[in-house]
Protein chains: 2
Amino acid sequence: MQSTQAPFERQPQSTCAEGSFHQCQLTTNREPKKVSLVGSGNWGSAISRIISTNMKAHPSLFHPTLRMWVFEENINGRNLSDIINTDHENVKYLPGYKLPSNVVAVPDLKDAVDGADVLVFCLPHQFLSTLLPKIKEQGLVHDCIGVSLIKGIDFNEKGIVLVSDIIQSGLGIDCSVLMGANVASEVAAGDFCESTLGCNSLRHGAFLQELFHTDRFHVNVVLDAHGVELCGALKNIVALGAGFSDGLGYGGNTKAAIVRLGLIEMKKFCYRFFNGIKEDTFFESCGVADLITSCFGGRHRKCGEHFVKDKGVTWETLEATVLHGQKLQGTWAAKEVHRMIAKTKAEREFPLFTAIYKIAFEGADASTCLV
Amino acid sequence: MQSTQAPFERQPQSTCAEGSFHQCQLTTNREPKKVSLVGSGNWGSAISRIISTNMKAHPSLFHPTLRMWVFEENINGRNLSDIINTDHENVKYLPGYKLPSNVVAVPDLKDAVDGADVLVFCLPHQFLSTLLPKIKEQGLVHDCIGVSLIKGIDFNEKGIVLVSDIIQSGLGIDCSVLMGANVASEVAAGDFCESTLGCNSLRHGAFLQELFHTDRFHVNVVLDAHGVELCGALKNIVALGAGFSDGLGYGGNTKAAIVRLGLIEMKKFCYRFFNGIKEDTFFESCGVADLITSCFGGRHRKCGEHFVKDKGVTWETLEATVLHGQKLQGTWAAKEVHRMIAKTKAEREFPLFTAIYKIAFEGADASTCLV
């Protein structure tokens, strides 16, 4: 299928099945919508600069204040939320970049989300099981929608559980996702980049595009929330393989082969285990582009390289030393994805995922990654 | 469309429409086939190591000697062809790697190709207009086939002219192409990589796969010679854009966006101006993988970076200084591709190609590459 859309242009307003853009808005109620950002780490702070600027620029669409839930921390005797509200900078997670004054840090979760029409989730997914019941308890406005910027997936005995589905079922609201080749520091610096908004409804997609899209942060909408979110999780497995290749000292040919084979296995995995996945999703920023940034930069590539070079090192040690305590999503994903593949006896169809799992967890030699 | 083939496996023998592999061979005549390699540069020498090894390993399929046409040069008082035949090393173009003893350098073109069943072309395409008439004059065996490893395209007043078509019409033989993420030095070193054999006939594809495929050099066959060859030419344009981004100091997000948008415009361009192009080709090594290596390594990226940093420098100067006299295919391609786009008033559909052309040739600011 040929992509007919000019890549630099915004999605045309006619992507909305219901007609013109103004009919596409979140509800027929024309009140400006209140947006709350749940999370205030590195990526959350970077995206708050974009969201809050768009909210201010479109007063007919958005209430001008972006409430940002901050997990309160004490920084040199001051509360982080006070620092953000006074100095307009998240000195801990995004130092050096001012946050617009309409970003208001709120340390109480219920106060942060009260009356919100849009909930933007941007925090480690492990927090959700505690937070979602509290948000639900607070009560949600009619037609509230969610959008997850959380990269990572969860697992239960049946296999993968997508974060957007956790939010959707935890709160009873529709949940879109935003994923792409979006290294937070580069987004904060204003470098051009792209992102993909995966939604279940074009009405929601068109509205959320207004919230996220800028001239320097291009947002394409695809009607494939699951595909977009799966890309964000599966690419971390491939990035481990790219790190193994770097650790072995291989060059650009081998790295390119890993990226390509990884992309094909990502597609195949999605088609095999999920319904409604769209081919075009893999050509979006969340697909091939995010995969590339992860395989050339990124923490998974880095830890993969160390895993090969520092013979015998454990993943836990690498998380502690290389990542200063941050967790690798990709090792967990590699294990769980392999479990799903093995259960259906499909190892031969996923040779790269299988090899990466065996190298990471069964002591296989790294050189077997591509043979 | 889901790719159903396990990426590490060879193409199944059933890719041949005519039945089992043995019926797939080049002709019904079971004589071992003679192969000649026209060209002996860096890439030609690297691939000669692979071809000659396969020829020796399959005596029922191939005559064991690989004749390699060498443009004779004097190296410290000795003929290059003598050095290759005595010392088994191309000391000028692939120093440090032995060539198998069944690679025989032949300085006379007619002697090199006489009686060949397979002609492998691997030299700058500018030589073809002189060489092809000489080869034709020599006479070709019945059912002789060609395969082009030449990256680069030609142009006439109508637009792009593909090298495989030049060979095809110049010699009256079918011509396949082999392209991919194949940096010659890494192939010579035996690093794992992949390549794509684009053919017009699966019978020829299956036979040529036997000539090129090894455990470390995986060859996939696609029935889309034009698509494969176009990828090899168009990616150089995108790589110039990647270089501009590097020259401006942008990071991984921007580079990934350029690769992605470039891939989409490559697809769109092929569909627009050529018939029979297959979507899967862009997922092959010749597509996304070669594009990645070119945008992260490669001479076009490098010269693109210099073009931005060394303000006012000309492409000719960069070819002379950075490339030591080698020519950039991508600048020429950018110009000719833009001419085809402009002629059909399709600039809006090819914003990246258009921007790269304008930066390269019309003095546009490099920062306009992605806006």
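The values are calculated or read from the model by the stated rules, or taken from the named source; none is laboratory data. Remember, predicted model here, so these are calculated numbers, not experimental data. When we count neighbours, we look across all protein chains shown, and the Cβ atoms used for this are built from the backbone with ideal geometry, even at glycine. Quick note on the areas: whole protein, heavy atoms, side chains included, nothing else; ligands and nucleic acids left out. Shrake-Rupley method; radii C 1.70, N 1.55, O 1.52, S 1.80 Å.
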Could you tell me which numbered condition B:GLU316 fails, if it satisfies all but one of (1) touching a Phe, Trp or Tyr at 6+ places or on another chain (Cβ under 7 Å); (2) surrounded by fewer than 24 Cβ atoms within 10 Å (Cβ to Cβ); (3) more than 10 Å from chain A (Cβ to nearest Cβ)?
-> (1)
When region A:321-371 is checked residue by residue, the ones that are over 22 Å from A:LYS267 (Cβ atoms) and charged (D, E, K, R) are A:LYS327, A:GLU362, A:ASP365
Of the candidates B:VAL147, B:VAL177, B:VAL163, the one satisfying the condition of being more than 14 Å from chain A (Cβ to nearest Cβ), closer than 24 Å to B:LYS278 by Cβ and in contact with a His (Cβ under 7 Å, 6 or more places away or on another chain) is B:VAL163
Of the residues A:ARG260, A:ARG272, which is assigned to a helix (DSSP H, G or I) and without any contact (Cβ under 8 Å) to a residue 24 or more places away in the chain?
-> A:ARG260
Would you be able to tell me the number of residues in region A:164-180 that are open to solvent by 10 Å² or more (accessible area, probe 1.4 Å) and either modelled with pLDDT under 95 or hydroxyl-bearing (Ser, Thr, Tyr) (or both)?
-> 1
Of the residues in region B:185-205, how many are open to solvent by 10 Å² or more (accessible area, probe 1.4 Å), in a helix (DSSP H, G or I) and either in contact (Cβ under 8 Å) with a residue 24 or more places away in the chain or touching a Cys at 6+ places or on another chain (Cβ under 6 Å) (or both)?
-> 5
Within region A:249-275, the residues that are more than 7 Å from every other protein chain (Cβ to nearest Cβ), closer than 22 Å to B:CYS295 by Cα and either surrounded by fewer than 22 Cβ atoms within 10 Å (Cβ to Cβ) or over 27 Å from the mean Cα position of the chain (by Cα) (or both) are A:GLY249
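Does A:THR281 satisfy being open to solvent by 10 Å² or more (accessible area, probe 1.4 Å), within 22 Å of B:ILE258 (Cβ to Cβ) and either of a type in the set (Ser, Thr, Tyr) or more than 7 Å from chain B (Cβ to nearest Cβ) (or both)?
It is false that A:THR281 is open to solvent by 10 Å² or more (accessible area, probe 1.4 Å), within 22 Å of B:ILE258 (Cβ to Cβ) and either of a type in the set (Ser, Thr, Tyr) or more than 7 Å from chain B (Cβ to nearest Cβ) (or both).
Say we look at region B:210-248 and pick out the residues that are within 13 Å of another protein chain (Cβ to nearest Cβ) and open to solvent by 10 Å² or more (accessible area, probe 1.4 Å); which of these is nearest to A:ASP280 (Cα to Cα)?
B:LYS235
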For region A:284-311, name all the residues that are modelled with pLDDT under 95 and assigned to a helix (DSSP H, G or I).
-> A:ARG299
Could you tell me which numbered condition A:THR331 fails, if it satisfies all but one of (1) touching a Lys or Arg at 6+ places or on another chain (Cβ under 8 Å); (2) closer than 19 Å to A:GLY262 by Cβ?
-> (1)
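Residues are listed down the side, and each one gets a yes or a no for (1) within 24 Å of the chain's Cα centre (by Cα); (2) open to solvent by less than 10 Å² (accessible area, probe 1.4 Å); (3) of a type in the set (Gly, Ala, Ser); (4) not assigned by the TED database to the domain that holds B:PHE274:
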position	(1), (2), (3), (4)
B:LYS327	yes, no, no, no
B:ALA333	yes, yes, yes, no
B:GLU336	yes, no, no, no
B:GLU347	no, no, no, no
B:LYS358	no, no, no, no
B:ASP365	no, no, no, no
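Hey, can you tell me all the residues within region B:337-371 that are assigned to a loop (DSSP other than H, G, I, E, B) and within 11 Å of chain A (Cβ to nearest Cβ)?
Once the filter is applied, which keeps residues that are assigned to a loop (DSSP other than H, G, I, E, B) and within 11 Å of chain A (Cβ to nearest Cβ), region B:337-371 yields B:ALA346, B:PHE350, B:VAL371.
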